[in-house]
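First up is the structure itself, then whatever we jot down about it.
The values are calculated or read from the model by the stated rules, or taken from the named source; none is laboratory data. None of these values were measured; they are calculated from a predicted model. Cβ sites come from the backbone with ideal geometry, for glycine too, and all protein chains shown count toward neighbours.
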Amino acid sequence: MRFVTIFFLQSVLHSASTQAKEINKLFGIFTIAAVLLLLFVSSLIIYICIRFRDKPGNPIPVQIGKNNRIELLMFLFPTVMIAIFLVLTIRTINRVMKPARGQPDVIITGHQWWWEVYYPATGVTAANEIHLPVNRNLLIEFHSADVVHDWWVPEFGNKMDVVPGKNNHIWLNITNAGNYVGACSEFCGAEHAWMRIRVFAEEEPAYQTWLDANKKTASIPSDELAMRGMILFQSASCGSCHRISGTFSKANIGPDLSHIFSRTTMLSGMMPMNEKNLHAWISDPQLVKPDSKMPDFIFSRDSVNAIVHYLTQLK
């Protein structure tokens, strides 16, 4: 049983950050130079084929052994072009990949196969869906909990390896509010294809509203079934892997579930967030996402219903 989520069109040409604009500007210069060179070489080949084609009664053209001017031109032209491209590339790198200074705004940790998102200034922890403000210089730091991953949202331009034991970073200034999708771009295991990224770029008031909502502790069960679900969650070792703020569940092996039902998708964008999909996931995790780290606790249907009902109240 597999699920399919339809994602927005991804394109590196749709610049949504100052870094992407710088990278695309450099790419545009390279493309123009390549097209002009292609036209020049193609025109030269066509001219030579016509000018020196075999004609009846024509003698064999004079063979030239060497031409110092042409050889010097053939050496100087590519050398100058390479030097120009080198300078432009270094300039773009300096503008896009500035050294990390101060505390990061966001720390993103890659796991097999999901993304942990931590906001140091507020202590907010989320998973897979990243909320970021627009028109602000953001320092994003990357960690890996297991193997090499790779963070990439095409519209943002920057692409960064997420390596075990090494903290990498990017600077990001998002210019356009909206929803953006990306993916892990380094093969990292069986469910690599379902290690998607969703970024919600928001104006400052909306971003602060989201932060304030996620700083709050998890909702208290409002009915008997939800209370039973919370007790089952604690007693069945779910809390040994997951964190729910305001409860005894403090682990960070699996995603933070404090506000799970406020997310639009689950399992790294694999399917929409709803009761039906939560029920299928908890009932048989390996059927839904093979080789995931989530164990099958073989819950009864009533137990699954109680846990799902509890999780749907965590907003």
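Residue count for region 144-165, restricted to those that are over 12 Å from the mean Cα position of the chain (by Cα) and either over 20 Å from ILE253 (Cβ atoms) or in a loop (DSSP other than H, G, I, E, B) (or both): 7.
Please verify whether GLU71 is over 30 Å from PHE187 (Cβ atoms) and among the acidic types (Asp, Glu), treating the condition exactly as stated. For GLU71, the condition - over 30 Å from PHE187 (Cβ atoms) and among the acidic types (Asp, Glu) - is met. Among the residues of region 166-174, at least one is assigned to a loop (DSSP other than H, G, I, E, B), of a type in the set (Lys, Arg) and closer than 28 Å to SER292 by Cα. Criterion applied to THR175, THR109, THR79 was being over 22 Å from PHE27 (Cα atoms) and either touching a helix residue (DSSP H, G or I) at 6+ places or on another chain (Cβ under 6 Å) or hydroxyl-bearing (Ser, Thr, Tyr) (or both), and the one residue passing it is THR109.
When we screen LEU76, LEU88 for residues that are outside any strand (DSSP E or B) and either free of Cβ contacts under 8 Å to residues at least 24 places away in the same chain or in contact with a His (Cβ under 7 Å, 6 or more places away or on another chain) (or both), the only hit is LEU76. The numbered conditions (1) buried (at least 17 other Cβ atoms within 10 Å of the Cβ); (2) out of contact with any Ser or Thr (no Cβ under 7 Å at 6 or more places or on another chain) are all true for LEU232 except (2).
In the condition set (1) under 22 Å from HIS14 (Cβ atoms); (2) modelled with pLDDT of 90 or more, ASP146 is compliant with all but (1).
Considering (1) more than 19 Å from the chain's Cα centre (by Cα); (2) not in a loop (DSSP other than H, G, I, E, B), the lone condition that HIS131 does not fulfil carries the number (1). Looking across ILE45, ILE70, ILE64, ILE108, one residue alone is more than 30 Å from CYS241 (Cβ to Cβ), of a type in the set (Val, Ile, Thr) and not in a helix (DSSP H, G or I). It is ILE64. Can you tell me which residues in region 158-214 are hydroxyl-bearing (Ser, Thr, Tyr), free of Cβ contacts under 8 Å to residues at least 60 places away in the same chain and surrounded by 15 or more Cβ atoms within 10 Å (Cβ to Cβ)? Correct list: SER185 only. Can you list residue pairs whose Cβ atoms sit under 8 Å apart, with the first residue in region 244-261 being without any contact (Cβ under 8 Å) to a residue 60 or more places away in the chain and the second being surrounded by fewer than 23 Cβ atoms within 10 Å (Cβ to Cβ) and among the β-branched types (Val, Ile, Thr)? Count only pairs 6 or more apart in sequence or on different chains. Taking only residues 6 or more apart or on different chains, the pairs are SER245/THR217; GLY246/THR217; GLY246/ILE220; PHE261/THR312. HIS131 meets each of the listed conditions (1) touching a strand residue (DSSP E or B) at 6+ places or on another chain (Cβ under 6 Å); (2) over 30 Å from ILE244 (Cα atoms) apart from (2). Hey, could you check region 21-59 for residues that are basic (Lys, Arg) and farther than 30 Å from ASN173 by Cβ and say which is farthest from the chain's Cα centre (by Cα)? Restricting to residues being basic (Lys, Arg) and farther than 30 Å from ASN173 by Cβ, the top hit is LYS55.
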